[in-house]
Each structure stands twice: as structure tokens, then as C-alpha cells.
Amino acid sequence: QVCPRLRTPRLPIWLCSITGRHGVLFGTDSLLLSDWKTERVFHLYFYSGQQEQTKTAHLTIDTHSHHWEKDRSEDPSSPGKRHPSVEMAIRTKWAGATVSWNGTDPFF
């Protein structure tokens, strides 16, 4: 059984092991964990320390995006529909959220 504090810690900092590599996913707004209204649109940062990552990735998470706004013409199994592992990790906490990389090329 997983401790509830692992899923919702006191500070918005998560140590991640994604595809066998470690990184830190964190937010600067501590209200993210105590006020559900802040979970609408918020910012997280991801840093792995890997050679290919030259700066911390700034991610914008929208938990109220609508699935019908997505392009329905693409096959969900097509390569264009694959999501980076970081996004999939974020969706373990916020299911269905959309993640904007704010100009950074997605990695992982």
C-alpha cells in the first residue's frame, strides 16, 4: 500500500524515476496541494540533470481542458499521439490534464 503523502506531499515536489532515469518535478506555489482551486491551470518545473537537458523545463498544466478540443482526425495509436513520459507521470496525479511545454522540445 502506498502512503498518501507520496501522492500528495506537503510541498509540491516529486522525485521521479521515469524510464529508468531520475528527475525532480516541482512547483513554486505551495497552495497547489491545499487549495483545489489552484489545480485548474498551474505551472510545474522538471529537471533531470541529464546531458540533453540544458535548462529546467517549464510546464503549464491545465486540468480542465476538454477532450473534444483535440484533433479527432489523428489515430490515437499514431506516433503523433504519443506523449512524453513526463506528461504520463503528471497524469498519474491529474488524470486527463493537458501539458504545455512552453516552447521547450519535449524529452523523456
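Looking for whichever is within 15 Å of R91 (Cα to Cα) and among the polar types (S, T, N, Q) here; the options are S17, S30, S34. Which one fits? The match here is S17. Listed by first and then second residue, the pairs linking a residue in the range 23-46 that is surrounded by 14 or more Cβ atoms within 10 Å (Cβ to Cβ) to a residue that is of a type in the set (D, E, K, R), with Cβ atoms under 8 Å apart and 6 or more places separating them unless they lie on different chains, are L32/E39; L33/R10; T38/D29; V41/D62; F42/D29; H43/D29.
Throughout, read-outs are computed from the coordinates displayed, never taken from laboratory work. Keep in mind it's a predicted model, so treat the numbers as computed, not measured. Cβ sites come from the backbone with ideal geometry, for glycine too, and all protein chains shown count toward neighbours.
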